[in-house]
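Okay, so here's the structure we're looking at.
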Amino acid sequence: MTIASDPLQLMRALRSGGRSIRQEAAPGDGQPLYIGYDDVDVLSPDGQHRTQWLYETEPPHGDSLHQVWLDGVRLPGRYWGRGHAWSADAAYCTLERDEDRASTLYLVRVADRCWLRLGSRCAVVSLDLPVITLRSYGAGDGAAPQPMTLTGSERFSPIPAA
């Protein structure tokens, strides 16, 4: 395996000048992780999947933005370093994508790399499927958490290539 084909090795090579890669195991309780301003390798609750986060930048009045890989496949765009939660069975995770300086929250079905758009300018509070608890933000961070229940009729779309 070459460095170019292994995102973790690529991250290590890019950061060999001093920054370390934080290793983290996602909790199985559906609570979101805060990635922050680090390069992070996150294992799913069952240890069978991983997301790898390579820190890119912090825009003015924003949070950290990262490139993200899911099981070695780079996902398109940049992702905010917050709101990354895993379901207890590790079949789903959430990601907040930067889209034109706004945030869109996605639920990712890990096995086939498909996603479902959950909303804009909202954060995941918990991922306890079929219930996802969200909180909107932007007009004051005092918004009350809102549960969303998946029915099974949702239409997931393939995640486009990066």
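Throughout, read-outs are computed from the coordinates displayed, never taken from laboratory work. Since this is a predicted model, take the numbers as computed values, not measurements. As a convention, Cβ positions derive from the backbone with ideal geometry for all residues, glycine included, and neighbour counts pool all protein chains shown.
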Indicate, rounded to the nearest 5 percent, the antiparallel portion of the DSSP beta bridges found entirely in region 3-157. 90 percent
For HIS84, what charge total do you get from the other residues with a beta carbon under 11 Å from its beta carbon, if Lys and Arg give +1 and Asp and Glu give -1? -1
Below 13 angstrom from the Cβ of GLU58, what's the summed charge of the other residues (Lys, Arg +1; Asp, Glu -1)? -1
Roughly how many whole Å is it from the C-alpha centroid of region 86-145 to that of region 22-80? 13 Å
Packing-wise, with mean Cβ within 10 Å as the measure, how do 102-111, 85-94 rank, highest first? 85-94, 102-111
So what's the net charge close to PRO130: Lys and Arg +1, Asp and Glu -1, counting the other residues with Cβ under 14 Å from its Cβ? -2
Take every Cα pair under 8 Å in region 16-77 that's 6+ residues apart, average their separations, divide by the length, and report that relative contact order as a whole percent. 24 percent
